[in-house]
Amino acid sequence: MIDMLRLLPQYTAEEFDSRHRLAIVAAQRTKHILQGSRHAPSRFTKETTIALDEVLRGQVKYLIGQEARDAMKESKRSREGEMERVASMSGDDAKEIKKELSVYVDDTPPTVAAENEE
């Protein structure tokens, strides 16, 4: 099987221990770009190609092994803390949030007149 990185002389193949890691890191970076993350100007137009180019050029940092596991645990703790903070909001805070969300979501039941029209 041909090593794809050898076909691209501008990239260094020594940075990645496997093609699988390269694919996973590039896929994660693509997801970030699609979610609105800023990226450096590129000669490419598709998000997947931009992400792969950034990863191969060493512009994307990633963690492996114990560092990655520790980072995932810290992220989980942060999310749980945020959920606890939201759950402990006072009634006034919750009413204000519901009021702001009502602009985007109308969860009121349909009126009787609207049901008769159908």
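Do we find that E96 is modelled with pLDDT under 85 and surrounded by fewer than 10 Cβ atoms within 10 Å (Cβ to Cβ) in this structure?
no
Do you know which residues across region 73-84 are of a type in the set (K, R) and at pLDDT 85 or above?
K73, K76, R77
Does region 29-76 hold any residues that are among the aliphatic types (A, V, I, L, M) and either in a helix (DSSP H, G or I) or touching a helix residue (DSSP H, G or I) at 6+ places or on another chain (Cβ under 6 Å) (or both), and which are they?
Once the filter is applied, which keeps residues that are among the aliphatic types (A, V, I, L, M) and either in a helix (DSSP H, G or I) or touching a helix residue (DSSP H, G or I) at 6+ places or on another chain (Cβ under 6 Å) (or both), region 29-76 yields I33, L34, I50, A51, L52, V55, L56, V60, L63, A68, A71, M72.
Check off (1) exposed (fewer than 12 other Cβ atoms within 10 Å of the Cβ); (2) modelled with pLDDT of 85 or more for A87 and give me the number that stays unchecked.
So A87 meets the others, but not (2).
Identify all residues within region 20-65 that are surrounded by 17 or more Cβ atoms within 10 Å (Cβ to Cβ), more than 17 Å from the chain's Cα centre (by Cα) and of a type outside the set (A, V, I, L, M); write none if there are none.
Within region 20-65, just D53 meets the criteria.
The values are calculated or read from the model by the stated rules, or taken from the named source; none is laboratory data. Since this is a predicted model, take the numbers as computed values, not measurements. We place every Cβ from the backbone using ideal geometry, glycine too, and count neighbours over all the protein chains shown.
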